[in-house]
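To start, the structure itself, in structure tokens.
The values are calculated or read from the model by the stated rules, or taken from the named source; none is laboratory data. Because the structure is predicted, anything quoted here is derived from the model rather than measured. All Cβ positions, glycine included, derive from the backbone under ideal geometry; neighbour counts span all protein chains shown.
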Amino acid sequence: MVSGPITTLDGLVTGYPKLAGQMGLIPETQIFRSFSALNARNLLYLQAELEVLEKRLIEKETEDSRDGRGKRDRYAVDFEWLNEPEDGEPTDQRDLVLEIREVLEKYRRALVEQSIINNLEEPNSWDLRFIQYFLSSDAMGPLALIGEDRGIWGSVKKPKDFRYDLVTLKARRQEDAFSRFVSENAVHLFKCGLKRLKPSLTKHGITAYEDTTVKRITRWVSNVVASLIPILSIVVLNGITSRQGRLGAIVGFNFLISACLSAFTNAKRVEVFAVAAA
């Protein structure tokens with residue numbers, strides 16, 4: 001699916017500029033690696049470094065507190081003595097504190113940033129597929145990317161061969177199961193049954209339709225289903241005379257309503273239970 005107007009990328013040189021231009025036109029295709037393993041490794045290195053520095057600081061604090069020749073034994077109770085030792089006094093403990101402060105700041109920043117990155121969502125399969133087609137299009141040329149990063153998003157021939165840690169900077173809104181199914185298969189569905197709809201983009205080996213078009217169709221279908229179920233239940237129950245038959249119909253319509261809630265809405269599980277039990 002494509003949101004927003006589609007403009008031309010003609011005039012841009014190939015490679016990174018053209019790929020960046022396409023990502024700018026469709027923000028949902030701004031898909032990058034999070035390098036989760038490298039970030040975790042960096043945190044592990046910083047953590048190990050802090051462990052060593054902490055141990056050295058504790059040893060140095062213990063050593064200085066037991067010294068009776070100067071004023072080193074006051075370092076633990078008076079910051080001014082630690083920060084501004086007298087001439088000739090060793091500064092090992094202060095230097096360790098300053099070093100720990102720098103490493104700790106790096107560790108904290110990396111920890112918070114990794115937490116933010118971990119909350120980024122995975123890319124939509126359609127958007128990832130779009131990037132694969134775009135990279136193999138005539139606009140990008142036969143040598144779109146030739147570096148080590150050429151296989152990050154997979155390829156048309158190997159669509160599943162992408163990096164495991166891809167994230168998107170602008171995730172698509174989570175729709176209901178029916179809308180999601182239609183969105184992911186819109187091109188095939190529209191080609192088969194909705195040929196009058198004009199695609200918004202037919203370049204780069206892929207056909208796209210506007211999000212608003214698909215959402216309008218799925219909303220229309222959902223409204224029709226929601227209005228037909230009560231009418232259908234009344235008609236069916238009115239035509240059944242036996243008590244057992246009516247109980248069976250009620251069970252069936254109760255199941256149908258629960259299934260429709262799950263498929264056509266974003267209702268939570270507790271909400272589906274509440275409607276089914278009502």
If you go through the range 129-158 one residue at a time, how many are in a helix (DSSP H, G or I) and in contact (Cβ under 8 Å) with a residue 40 or more places away in the chain? 6
Enumeration of residues in the range 107-143 that are at pLDDT 90 or above and of a type in the set (Ser, Thr, Tyr): Tyr107, Ser115
Which condition does Trp126 not pass, out of (1) touching a Gly at 6+ places or on another chain (Cβ under 8 Å); (2) outside any loop (DSSP other than H, G, I, E, B); (3) among the aromatic types (Phe, Trp, Tyr), if it passes all the others? (1)
With part of a helix (DSSP H, G or I) and at pLDDT 70 or above as the only criterion, which of Arg180, Arg172, Arg246 stands out? Arg246
Restricting attention to the range 1-37, report how many residues are at pLDDT below 90 and assigned to a loop (DSSP other than H, G, I, E, B). 15
Give the residues of the range 38-60 that are hydrophobic (A, V, I, L, M, F, W, C) and either outside any helix (DSSP H, G or I) or more than 22 Å from Glu113 (Cα to Cα) (or both), sorted by residue number. Val52, Leu53, Leu57, Ile58
Show the residue pairs meeting these rules: Cβ distance below 8 Å; 6+ apart or different chains; first residue within the range 228-243 and in contact (Cβ under 8 Å) with a residue 24 or more places away in the chain; second residue aromatic (Phe, Trp, Tyr) and surrounded by 13 or more Cβ atoms within 10 Å (Cβ to Cβ). Ile229/Phe253
